[in-house]
Amino acid sequence: MKHNKIAVILFLIFCNTTFANVTLPNVISDNMVLQRNTEVSIWGWANPQEELVVTPSWNHQVYKIKANNQAKWEIKIPTPKEGGPYTVIVKGYNEIILKNILIGEVWFCSGQSNMEMSVGWGIKNGEEEAKTANNPNIRFFTVPKLTATSPQNNVPGSWTESTTETMRNFSATGYFFAKRLQEELKNVPIGLISSNWGGTPAEIWTPEEVIQNDAVLLESAKTRKEEVYGPNQPGRAFNAMIYPLIGYKIAGVIWYQGESNVGSAVYDKTFSALIASWRKLWNYEFPFYYVQIAPYQYGDDHFGGVEIRNAQRKVLQEILYTGMVLTSDISPIDDIHPKDKKTVGTRLANLALVKTYKTNSYVVNGPLYSGIKIEKNKVLVAFDYAEGLHFLNKKSNQFEIAGADNVFYVADASIKNNTVLLNSKKVPKPLKVRFAWTNTAQSELFNKANLPASSFITE
């Protein structure tokens, strides 16, 4: 009898070891939104060489895959147009049934505190907005704050429907982005993955080897001081909060970060490297839309903030499929966390609607500097998106010009044919121009869409 019991116990141990349960990453779970009209990856872990069958209810096709010798498996499955709810059955030695799945548009929301900010932080009209946030066609996946010294396979979290309570604790910018998309896309389901950490520099969201293999970025990263708010070592948040989600098909990224890089002279290079590295790992050139940091009084540093704004403007010109929204007209200079997140999310969504979804042709960009032409003692400054160019208060002293001595003087500025004409008696031979060139400058130059112009300085 005793021997029989031992045999049973050994058999059970053998079974548990040999027939490991099929498991899935947390992002592939009930309530998820999958990207429409494409191929999505479903992946997980199982016993090496175990055969799995994946059956989605939208087409009832049977897809077979074997786990590799590392006990991992991944299969691509075509998705239809928007709709649901659907189920996906994953069957190996055990069976997993994923329920209440929607097909729609999936966006990744990332950055620091201004993207993280929720109703709970006291945003403008937040509680009123939360009351109307019950919408099962908007879904949230929130990534907790975690670090790791090497890339991780999984991250805690679960998909939830938008309700008064779940919206209250989710990225407000992300929520308003989704709400605006739904208005225009006729209630297409929207899935948002939020991976944010207040007070963090771009370096921690970038793969460590990308920083290590670039002398300029590495030197800049070495100058960073320890932060009380979170990590500052390259790659630490990327490893734990981004890498486990690579492979989950997304429509694009919205990003709000930069305040913690004030003081960096190479932010344009750092930010460009981040965008390129994410796209390389996801293996496609998804849209990357971001918010230019708002004017703010950064202590004794009069130009650190505006230099980041200018770096963000340069990335827009250098990296394809990017877009930038400004908030200088809705952000008080004494609050690094501006409370009007609805306008921010709406402007990001309007950018996506024009550039990604092509649902309309509205002007969604403020005037963007495109070049100068020098005529004797005068400078003509040209802008893209310049139709209806005007100063907020009829005139402006935010333009400055400099000659060969590189000393800038406020210029007399006027607008003619949607071009800005500059001159100054103190600069008989102008060579350079800068605009709104202080940390706290709130642009006084707007176009017909009443969107503000970005700060800039000519090279």
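Read-outs: derived from the displayed coordinates by stated rules, not from any lab. If you're wondering where the values come from, they're calculated on a predicted model, not measured in any experiment. In this analysis, Cβ positions are derived from the backbone assuming ideal geometry, glycine residues included, and neighbour counts consider all displayed protein chains.
Compute the projected area of the convex hull of the Cα atoms of the chain, averaged over all viewing directions, and report it in nm² to one decimal place. Projected area, direction-averaged: 26.5 nm². Packing, as the average of other Cβ atoms within 10 Å across residues, places the peptides 182-195, 353-366, 247-260 in the order 247-260, 182-195, 353-366, highest first. Compared with the dominant Cα axis of the chain, that is its longest principal axis, helix 2-18 is turned about 30°.
Using the Karplus relation 6.51 cos²θ - 1.76 cosθ + 1.60 with θ = phi - 60°, the per-residue 3J(HN,Hα) values for the range 40-51 come to 10, 8, 10, 9, x, 9, 7, 5, x, 6, 5, 8 Hz, with x marking Gly and Pro.
Counting only residues 5 or more places away or on other chains, whose amide H sits under 5 Å from the amide H of Asp30 once H atoms are built in the peptide plane? Hits under the 5 Å cutoff: Lys99.
Both numbers refer to the Cα atoms of the range 21-103; Rg and Dmax are 12.1, 36 Å.
With contacts taken as Cα pairs under 8 Å at a separation of at least 6 residues, the range 361-437 carries a relative contact order of 32 percent. Hey, quick one: spin label on Ile374, modelled 7 Å out along Cα-Cβ, who in the range 407-432 has an amide N within reach, i.e. under 17 Å? What the label zone holds, given the 17 Å backbone N cut-off, is 407-412, 421-432. Specify whether the C-alpha gyration tensor of the range 274-388 places it in the rounded, prolate or oblate class, a ≥ b ≥ c being the square roots of the eigenvalues: rounded for a/c under 1.5, otherwise prolate if a/b is larger than b/c and oblate if not. Rounded shape, in that the Cα axes give a/c under 1.5. The Cα-based radius of gyration of the range 105-355, divided by its Kirkwood radius, gives an Rg/Rh of 0.94. Other residues with beta-carbon under 14 Å from the beta-carbon of Asn59 carry, at +1 per Lys or Arg and -1 per Asp or Glu, a net charge of +2. Taking Cα atoms only, the orientation of helix 267-282 departs from the longest principal axis of the chain by about 30 degrees.
In terms of the mean number of neighbouring beta-carbon atoms within 10 Å, the peptides 46-53, 109-116 order highest first as 109-116, 46-53.
Shape class for the range 348-459: prolate, because the ratio a/c of the largest to smallest gyration tensor axis (alpha-carbon atoms, square roots of eigenvalues) is 1.5 or more and a/b beats b/c.
To the nearest 10 degrees, how steep is helix 172-184 against the longest Cα principal axis of the chain, on a 0 to 90 scale? So the inclination is approximately 90 degrees. The lysine pair count for the range 83-225, using Cα distances under 23 Å and pairs eight or more places apart or on different chains, is 6. Local charge for Asp340 was computed over the other residues whose Cβ lies under 12 Å away, with Lys and Arg +1 and Asp and Glu -1, and equals +2. Which log10 I(q)/I(0) values, to two decimals, does the range 157-229 give at q = 0.13, 0.16, 0.20, 0.28 Å⁻¹ under the Debye formula with one point per Cα? Taking Cα atoms of the range 157-229 as identical point scatterers yields -0.62, -0.75, -0.88, -1.32. Its relative contact order, with pairs defined as Cα atoms under 8 Å and 6+ residues apart, puts the range 21-153 at 25 percent.
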